[in-house]
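Where a number appears in this text, it was derived from the coordinates with a stated rule and is not lab data. Keep in mind it's a predicted model, so treat the numbers as computed, not measured. Backbone-built Cβ (ideal geometry, glycine too); neighbour counts: all protein chains shown.
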Ligand SMILES: Cc1cc2nc3c(=O)[nH]c(=O)nc-3n(C[C@H](O)[C@H](O)[C@H](O)COP(=O)(O)OP(=O)(O)OC[C@H]3O[C@@H](n4cnc5c(N)ncnc54)[C@H](O)[C@@H]3O)c2cc1C
C-alpha cells in the first residue's frame, strides 16, 4: 500500500465519522485510517452545546433505525462520550398534565456539555484516536471516485488520496456536497422532509420545567415538537446558511453563571409530496423570504404583540411588560407575514397547549424568533444496513439522513464500521 493509501478514509470528524473511527480501532487496532475535515474542529453539535440524548427515537432517523438497533449501539456510544446523565424531577406531574390534553412528554436520558466545554471533549476524542494511530488532515474534499476496487478522494487543490473504503460523513453543511456526489455517481436519493419552526425565548421563571428536566421533549398534534431546549446561561444565535440567516440556540456549561433565560425550538415536520419534493429548496425559499422581510435578518416578535395582531417594533421591544432584552438582536417585526399560515397555526396551537402544561410560557414578554429550519434528509438509496451506497463508499450522519443528533450520528458511524469489518 502506498503512503497515500489507507484502509479507510473518513470525510468529516463530527460524531458520525468519530463513531466509525472508534469502532474500527476498537475491533481492529492495526487498521489504517485517515480522517479529513475542512475545519480544525468538527463544526456540528459536538462543538456547539453538545446535548446528548440516549433514548430512541431522539436523534435517530426512524426510517433507518429500529428501537432494538439503536439500543444495541447506544451503550457503545456512551462508552466513548462518557456522559454525565442529568437527573429529572416531577416528570410524572408534567406527563400527567400533558396526557390530559393529547400531548406526549418523553422521558429521555440526557447529558449536556455546554459550548464553553465542548472543545475539551473534542480534544480528548481526537487525542485518543491519534494515540490509536489514526491520521488527520485539514482539507476540503471536493469529490470521490471508485476505481478498480478502490475509492479515490479529490481534495481542494487537486491532491488525491486512495482508500479501500470511504465513509462520507460531512454533516448538514455537507448536504450539497453529498447531493453532487450522488448525482454524478447515479445514486438515487430523495430530500423530501424539512422541519420548519420558531425559537422561543423567555425568562427561565416562565418555563420552570427547565429546573426539573434539562431538554424536555414534548410531542404535540400535527407533527409539532419541542427541540433543543437551553437554560442556565442560554443564548439564541444566528446560523448562516446559503447566504441568509437562521436562528438556533445553545447554552454554556453549568460552570458558568446563569442569565435566567430559557430558549427552545418548536418545529413542525413537513413531508413533501409530488410535485414539490425538495425540503432543501423549500427551506431556502422560506429562509430568504423571512430575511427579505427582516432586512437581511431573521424576525422576532413578542407574544403580547402577536396576540394583539400587531407587529413588534424596535422602539417598543423592551418596554413595560417586556421584561428582558432578547439575547439575539434580529429584526422586530411580524411573523405572520413570513411563516406559512398552516405552520403558524399548528405551532400556535402547540404553544397554547404548552402554556397549559407549564403556565407562564405565553407571557407577553416571550419572544418568538423565525426562521429555525432543519434540513436532514438526503435519503440515498442504501445498498445495505451499513449505509453503503456503492461497493466501497458509505454515506452516514445528518447529511445522509441517517441521524438527527450527536448520538444517532455516532451510532450510524458504528453501523458503517461494522460493514467495513464484514
Ligand atoms: C449549531 C448546532 C447545534 C447543535 N446542537 C446539538 C446538540 O446539542 N445535540 C445534538 O444531539 N445535536 C445537535 N446538533 C445536531 C448535530 O450537530 C448533528 O446531529 C451531528 O453533529 C451530526 O453529526 P455528523 O457527523 O453527521 O456531522 P457534523 O457534526 O456536522 O460533522 C461534519 C463534519 O464534516 C466536515 N465537512 C463537511 N463537508 C466537508 C468536505 N467537503 N470536506 C471535508 N470536511 C467536510 C465539517 O467541517 C464537519 O466538521 C446541532 C447542530 C448545530 C448546527
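Remarks
- FRET efficiency, residue 260 to residue 79 (Cβ-Cβ, R0 35 Å, nearest 0.05): 0.45
- Normalised by 2.2 N^0.38 Å, where N is the number of residues, the C-alpha radius of gyration of the stretch 364-422 stands at 1.53.
- Between 99, 107, 212, the GNM of the chain built on Cα springs shorter than 10 angstrom shows 99 fluctuating the most.
- The angle between the Cα long axis of helix 341-357 and the longest principal axis of the Cα atoms of the chain comes to about 70 degrees, rounded to the nearest 10.
- Treating r as the C-beta distance of residue 349 and residue 71 and R0 as 30 Å, the FRET efficiency rounds to 0.35.
- Counting only alpha carbon atoms, the long axis of helix 91-100 and the longest principal axis of the chain meet at about 70°.
- Taking 0.36 nm per residue of separation and subtracting the Cα-Cα distance, full extension of the segment from residue 99 to residue 278 would add 61.0 nm.
- With respect to the chain, whose longest principal axis is taken over its alpha-carbon atoms, helix 67-81 is tilted by about 80°.
- Average projection, convex hull of the Cα set of the chain: 20.4 square nanometres.
- For the stretch 7-128, alpha-carbon Rg relative to the globular expectation (2.2 N^0.38 Å, N residues): 1.25
- Judged by the mean number of other Cβ atoms found within 10 Å, the most tightly packed of the peptides 153-162, 279-288, 84-93 leads the ranking 279-288, 153-162, 84-93.
- Oblate is the label for the stretch 79-200, because the ratio a/c of its alpha-carbon gyration tensor axes (a ≥ b ≥ c) is 1.5 or higher and a/b is not greater than b/c.
- Gyration tensor (alpha-carbon) shape descriptor, the stretch 299-354, a/c threshold 1.5: prolate
- Between the alpha-carbon centres of the stretch 33-59 and the stretch 172-246 there is a gap of 14 Å.
- Cα gyration tensor of the stretch 193-375 - equivalent ellipsoid semi-axes, whole Å, descending: 24, 19, 16
- Relative contact order of the chain, defined on C-alpha pairs under 8 angstrom at six or more residues apart (%): 25 percent
- Estimated [θ] at 222 nm from DSSP helical runs (n ≥ 4, -39500 (n - 2.57)) normalised by residues in the chain, nearest 500: -9000 deg cm²/dmol
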